[in-house]
1. Going Cα to Cα from Lys383, which lysines come in below 17 Å? Please leave out same-chain ones fewer than 8 positions away.
2. Karplus couplings for the stretch 265-281 from phi (6.51 cos²θ - 1.76 cosθ + 1.60, θ = phi - 60°), rounded to Hz, Gly and Pro as x?
3. Could you estimate the translational diffusion coefficient of the stretch 325-379 from the Stokes-Einstein equation, with Rh from the Kirkwood formula over C-alpha pairs, at 4 °C and 1.567 mPa s, in whole µm²/s?
4. Hey, can you grab everything whose amide H is under 5 Å from the amide H of Leu240? Only 5+ residues off in sequence or another chain; H modelled, so Pro and N-termini drop out.
5. Accessible area, 1.4 Å probe, largest first: how do Trp373, Trp314 sort?
6. Determine which lysines satisfy two conditions relative to Lys366: a Cα distance under 25 Å, and not lying fewer than 8 residues away in the same chain.
7. For the stretch 1-116, which whole percent of the accessible surface, found with a 1.4 angstrom probe, sits on carbon and sulfur atoms?
8. With a Cα-only, solvent-free Debye model of the chain, what are the log10 I(q)/I(0) values at q = 0.11 Å⁻¹?
Amino acid sequence: MDYLSTRGQSAPTPIDLALEAGLAADGGLYVPEHIPQLADTAPWPELASAATAILAPFFAHSRLRERLPQLCIEAFNFAAPLRPMRGQGDFLLELFHGPTAAFKDYAARFLAASLTALRAADAPVRTIVVATSGDTGAAVAAAFHRREGFRVVILYPQGRVSPRQAHGLECWGDNIHTLRVAGTFDDCQRLAKTALSDSELRARLPLGSANSISLGRLLPQIAYYGHSACAFFAEHGQRLNFIIPTGNLGNASAAFLARKMGLPIGDIHLACNANDTLPRFFQGQDYAAQATRATLANAMDVGAPSNFERLRHWHGSDAELRSAISASSSDDTTIRAEIAAAPTRHGTIPCPHTACGLAALHTLRKAGDHRPWAVVATAHPAKFESIVEPLTGHSIPLPTALAESLARPAQGEPLANDYHALRQWLLVLPSRG
Ligand SMILES: *Cc1c(COP(=O)(O)O)cnc(C)c1O
């Protein structure tokens, strides 16, 4: 199977090239030529075996085909438990048990493992440029740290991530470089996209992408939806419905693909924060990207969700897309109230992103929806302790990996919100080692 661009101006591309390029040559996002169907939805014993089975058709013509099981074992080496919450039919899909305590660890680890496996021994060092709203950068840094042949440049919006997130972005050193940009996440994303489509720059400095627009990030995320939905279906004979805290739409696009592949997934609901570009669209307005607003759920502070282009590509019309997915928005007041209520209402302590999901669940339940819903828990609450602890009155123990990264010194550099500044900075990078 080859991969096409959402903008339709690039030649069909084999998966290995699409993984390395990140973005298609016409500036579009890679999408599979067709969506493979999985006939068998019997549950898998482990997440890694689910990942192997689900990814196999996408990698049918990859040089990595034979090594896929090994790559999946390497990337999916921490569990994604589906836990019942207090409340009939309420579940939490916990995706935060990895090295940087957010769901992005899965995809970042898979991407790093596959790019390493694809790399020729004599290939020049590739510089991965990644814009982050808070969690992507840390996950990508952790996944690529000290990997030979790769260097990572992280762009994050200064002052718009939690103190622990900032530390998690700046604590790596070695082949990881962190730039604090005087701007928003959308600015960071624009800078990264501009660099990646700057062919003159790329001729001088081999670049790569690791953003959620990258195919190597999108595809592995299908695994935990398939794994949990098949296990649920085997046990309960019902499709599991998902509420997904959403920003750039990468995680939810993977859920959509999982359902399209024939996995037993029911409804998909996008839980957004006050950045309500998607809820407005799904409630019937024309799509209109907005300026980013800073919220408590900062990893979802996205006004122009990149992966929307993929969802549009997969549907014949906006009306068809609106009937496939629903969306709602929670402002900071709702997020705070939800965090405060969650220990009693659900027996759990959520991060601010997960709280948007719980708020959406609460609204569905109040409207009389009795179906089984899994809220996707996208980050560990300890990453956002300055918000969560005062609201719940509980102190949150740090997961071990997070404690280790917080113990390392932070090192980052400021960068103006200006493409020429980034370009200059990148061009002198090789001379710095
Ligand atoms: C990235 C992130 C999100 C949003 O995921 P998208 O794939 O960008 O929609 C939600 N919650 C957390 C904790 C994140 O890090």
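1. In chain and number order, the partners are Lys104.
2. Those phi angles translate into 10, x, 6, 10, 10, 8, 9, 9, 8, 5, 7, 9, 3, 6, x, 4, 4 Hz.
3. The calculation lands on 114 µm²/s.
4. Gly266
5. Result of the area sort, largest leading: Trp314, Trp373.
6. Once the sequence-local lysines are set aside, nothing remains near Lys366.
7. Carbon-and-sulfur percentage of accessible area, whole number: 53.
8. -0.78
The values are calculated or read from the model by the stated rules, or taken from the named source; none is laboratory data. Since this is a predicted model, take the numbers as computed values, not measurements. Cβ coordinates were reconstructed from backbone atoms using ideal geometry, including for glycine residues, and neighbour counts include every protein chain displayed. SASA here: full protein model, heavy atoms, side chains in, ligands and nucleic acids out. Shrake-Rupley method; radii C 1.70, N 1.55, O 1.52, S 1.80 Å.
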